[in-house]
Each structure stands twice: as structure tokens, then as C-alpha cells.
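Every number in this text was worked out from the coordinates using simple rules, so none of it is lab data. Values in this document were obtained by computation on a predicted structure and should not be read as measured data. Every residue, glycine as well, gets a Cβ built from its backbone with ideal geometry; the counts of neighbours run over all protein chains shown.
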Amino acid sequence: MSSRKSNPSSLAKLDQEYVWHPFTQMRDWLRREPIVIVAGHGTVLRDVKGREFLDANSSIWVNLHGHAHPKINAAIARQLKRIAHSSALGFANEPASLLAARLIHAAALPAGARQSARRSALANPTLQKVFFGDDGSTALEVALKLAYEFTRRTRGAKTKPRFLSLAGAYHGDTIGAVSLGHIDLFHRAYGGMLFKSDHVMSPYCYRCPFNRAKPERDDARNYRRCHWECLDLVERKFSAQKKRGNPYAAFVFEPLMQGAAGMIPQPAGWLRQAAELARSHGALLLADEVMTGFGRTGAGPNADSAATPLNPPSPRSGPPSNRLFACHAEGVQPDFLCVAKGLTGGYLPMAATLTTREVFAAFLGKYEDFKTFFHGHSFTGNQLGAAAALASLDLLEGAVSRRARVELERNLHAELQPLWALPAVGDIRQVGLVAGIELVKDWRTREPFPLRTSAGIRVCDAMARRGVLTRPVGNVIVLLPPYCTTPAELHRMVSALHDAVAEEMALT
């Protein structure tokens, strides 16, 4: 059946009749007519009824430059005239080869970050190889398998590699990636299928048991009172595992901001110190930059700058830095850098796992040695995805894009400040162009809303009625505007959130 011949209600009925949506309680979904998106341009989405909405979460954190961007559209169209896809199993192709080189160049540790790392105890590797995949889950699955086998080949075949990640971690939905995660709501049902991994406390300043500060109307990272007890726990975890005679193979983390955990930001300095601890115990660093990569956590500053993510450099201070990866904000270069989501600008499913020549070399040998990395995907290195990614990188590396991201970051910070006047807003957490607004029953006690109240979902529904679309993580409202968002559009997004919280929380 052609959608062009279908009326609005029939499209909604087809969806409800046949489509099973991810992370969705379908009983609730079937109770009301869904919004059916049919077009988009820039920050605006249009549904089948002709209504317009602002895309306030970049279509689940993937869209960087806006919908129907002419340069990415043109790049895909040019590639379509040549070839859409050919196998990477036994063959190379032009766009993927160019993209791999561009990614290695983009992922090089910036000069300022290298200087900062030299002043610390952190030893950083050089990323030199790219393995392409399909999405964030497969990027993590590749890194996990490589780290597992690399550890066995360097420590001995009898080694049983173990992995350490953060409480509340989410690294994807394939079995290996799920095994690295620690969100019971998502992972409990599959416990019998998973291998065991360990976790350590996440630096969740707003709800940290070691934070002795009383709640204030400010980001909890700014007024926390602690002695880095969270890092002490990291050290204890690594030391305890080392005493068992089997040091951790790798430390797995989302840098600067944990997404599905509830947009939990890491205080300045935590990532660098945690990375130093991991390195000192011989662990590889595995960075999940599926959400945080490609400028999402801010265009700058670099690790040696006095500026903070909420205080970007002034436009008068010269061109902003163009840091594309969150790790580099603290001078950290991982052994495995996993990217997806924004890799193609949000156009096509594509992922990449970047790693070192040392890891690559461990898989070299004679054919009959079977040291090959036995893993792959049918659409690995897909030409259309690579063409879109190359166009996206062109945009990201342009001076206009850098300026726009710095200005958008500054405007987002300013627009969020009036939300502190709402009693139901407990914490506002911004890292670059990612913002999480945590809703609570009482900001003075941090008492959360019970999940049965569906506070986050209700607020997002109220925002949709006001023409703004986003999705909550529990009681945390998420804002990730596309980089093309205008000041007026950003104001509409945050105003809709303000009014929706005021309306819905008055009913609670």
C-alpha cells in the first residue's frame, strides 16, 4: 500500500496494526493515535496532518545539522549515481576508504589536550585503524570482542578477560553490549543470556551519597562538597580485581555525559583521573561516544583551557576550537573509540570502532593461524553512509559550524536558567549541546516522582501539544537541539518545556 494514497488515519492504523516500537509499552501506544512524521526540514518536522513540530532531541540524538540538509542530500545523490553498496568482504570502496582516513584525522588528540595529558600521569595511544559497523550496539560489540581477544593474546590464552563499566551504563542492545550495561529495567530480563561484568559508582553529583551539599538552584556539579570518594571506589575496584590475579581487561565508559542513565554529567576532572587509574592497572580504555561524539558535548574548549562547558570561549577570543569528541575535553585518548548516531549526520545507520595499531597487529598472522577477526556486517563500509558521513564531517570542520555550535551552546545555557524557578525542577545538567532536566516532587529534598506517575512522559506529551517533540529518560527531560537550531526555535523549545512542567506538575 502506498503511503501517498493513504489518509492520515489509515497510516496511523497501519502502524498500530503492524509495527512494534522500541522501548515502548505497546498497550499504551495502541490507546491513542500516534504522530506520523512524513517530512522534515532543518529543525522542523511535519506530520501527516500538516502539523509542524520542533525536533528537540535530534530524532533520538542522531541528527546533527538538521533534516534535509542540502549538502548531505547532494552527497548521497551523487553517490547514488555511482553505486549504493558493495561488499567490504574482499573488496574496498572509495567513500569508506576516504572516511576511515578522515575519522582517524578527526579523532587525533588536539594539541592542547596532548599538553594537558603530558602534565598528568596519563599515557595516550594513537588511533590508526577503523572497523565499520551498523549502529552504536555493533560499534560496542566490535570493541568488546577486540578487547577480549587482544587481552587473551597478550596475557595468555587461559586469561578470562573481565570488564568494568559504570553504574547505570547503557552500551546497546546486542548481547555483548547488554552485558556491559547496568540498567536493570533494560537488562534484567536477559540476565540468563549475559556474561558477567562489574560496575562501579557513577559520579552522579546530584544524587551522590558522598555529596554533603544541600540542594541549591544550580547544577549540582557547581556546588558539590566531597573528597572524590567516587574515584576512591574506582581505585578500590581495580585493586581488588588485580589482587584476584586477573586485572580488568578494559574500563568502559561514556565520556562527560551518561545518556540512558539519565543524562548524568561527570564533574570536571573525573574522566581524566578515572582514566589514569585504569591505565595504572593495565586496563584498556573503551570510550562509548555514540551519543557524545561529533561535537555534541561542545566545540571547545580543549583540556588545557580555563573555560568550562557552560562558559565557552568568547567570540572575540578568536576561532573556537573544534573538539569533536568528549574524551579530548580532558586529554584522554582511549584504545577503542566507538561512534555511530551522528556519524552520518543522522541520515543513515552507520558506525565505526577506532583502535590502535597494537590491537590491529594482534590479529595479523598466516591464513592457517586463524588470527583473523571473525566478525562483520553485510553493510560494513556502506557507500551511501560513508558519503553522508564525509559530507557531515565537511560541515563539522567548517568555521561557520564551529561558531554556530558555540553560540547555540551559550544560548541553550541562557534559555535553561528560568527553569530553576519551577519547584519541580531539581537539577539542570548541560554539557555542550546536551541538556537533562530532572523533575522531582520537592527540589529541597530531591525526592523523585514514582515511575508510576509517568512524570517525564506526561511533560513530553504536553510539550508535543505545544509543537515540540522530545523523549524523557525516566523523570529526566532531554534536550539535544540540532546544530542548525535558531535562537527563536531554541526559545520555543525551552518555553514549551517550562509551560509543560508548570501545567503537568500542578496536576500531580
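General observations
- Kirkwood-type radius of the range 9-73, with distances r between different C-alpha atoms, in Å: 13.3 Å
- For the range 446-486, there are no residues whose amide N sits under 14 Å from a probe point set 7 Å from the Cα of residue 189 along the beta carbon direction.
- Ranked by the mean number of other Cβ atoms within 10 Å per residue, highest first, peptides 89-101, 322-334, 352-364, 376-388 order as 322-334, 376-388, 352-364, 89-101.
- Cβ-derived FRET efficiency at R0 41 Å, residue 371 paired with residue 19, nearest 0.05: 0.45
- Farthest toward positive dipole pole in the chain [+1 Lys/Arg, -1 Asp/Glu at C-beta], among 63, 161, 189: 161
- When each of the peptides 183-189, 463-469, 133-139, 481-487 is scored by the mean number of other C-beta atoms lying within 10 Å of its residues, the order from highest to lowest reads 133-139, 481-487, 463-469, 183-189.
- Sum of side-chain charges, residue 462 neighbourhood, beta-carbon under 15 Å (Lys, Arg +1; Asp, Glu -1): +2
- Under the shape rule built on the C-alpha gyration tensor, where the axes satisfy a ≥ b ≥ c, the range 74-177 is oblate, since a/c reaches at least 1.5 while a/b does not exceed b/c.
- Theoretical gain in end-to-end length, residue 60 to residue 222 [0.36 nm per residue, Cα-Cα removed]: 55.5 nm
- Cβ-derived FRET efficiency at R0 25 Å, residue 212 paired with residue 239, nearest 0.05: 0.45
- When each of the peptides 69-75, 455-461, 225-231 is scored by the mean number of other C-beta atoms lying within 10 Å of its residues, the order from highest to lowest reads 455-461, 69-75, 225-231.
- Rounded to the nearest whole angstrom, the semi-axes of the ellipsoid equivalent to the range 351-508, taken from the Cα gyration tensor as √(5λ), stand at 42, 22, 15, largest first.
- Global form of the chain, assessed from the alpha-carbon gyration tensor, a/c cut-off 1.5: rounded
- Total charge dipole magnitude, the range 167-247, about the Cα centre, Cβ charges on Lys, Arg, Asp, Glu only, Debye to nearest 20: 320 debye
- Local electrostatic count at residue 362 - Lys and Arg +1, Asp and Glu -1, tallied over other residues with Cβ under 13 Å: +3
- Along its first, second and third principal axes, ordered by size, the range 459-508 spans 35, 20, 13 Å in Cα coordinates.
- Relative contact order for the chain, counting Cα pairs under 8 Å that sit 6 or more residues apart, in percent: 21 percent
- Farthest positive-ward along the chain dipole, Cα basis, beta-carbon charges - from 462, 421, 256: 256
- Taken over the Cα atoms of the range 184-245, the convex hull encloses 107 Å³ per residue.
- Model label points for residue 394 and residue 452, set 7 angstrom from Cα along the Cα-to-Cβ axis, are 5.6 nm apart.
- Compared with the alpha-carbon gap, the fully stretched path from residue 77 to residue 465 is longer by 136.1 nm at 0.36 nm per residue.
- Partners of residue 242 within straight-line reach, counting lysines whose Cα lies under 25 Å from its Cα and excluding those fewer than 8 residues away in the same chain: 145, 158, 160, 196.
- Charge dipole of the chain (Cα centre as origin; +1 on each Lys and Arg Cβ, -1 on each Asp and Glu Cβ, all else neutral): 740 debye, rounded to the nearest 20.
- Counted over the chain, the DSSP beta bridges are approximately 70% antiparallel.
- Neighbour net charge for residue 505 - beta-carbon separation under 12 angstrom, K R +1, D E -1: -2
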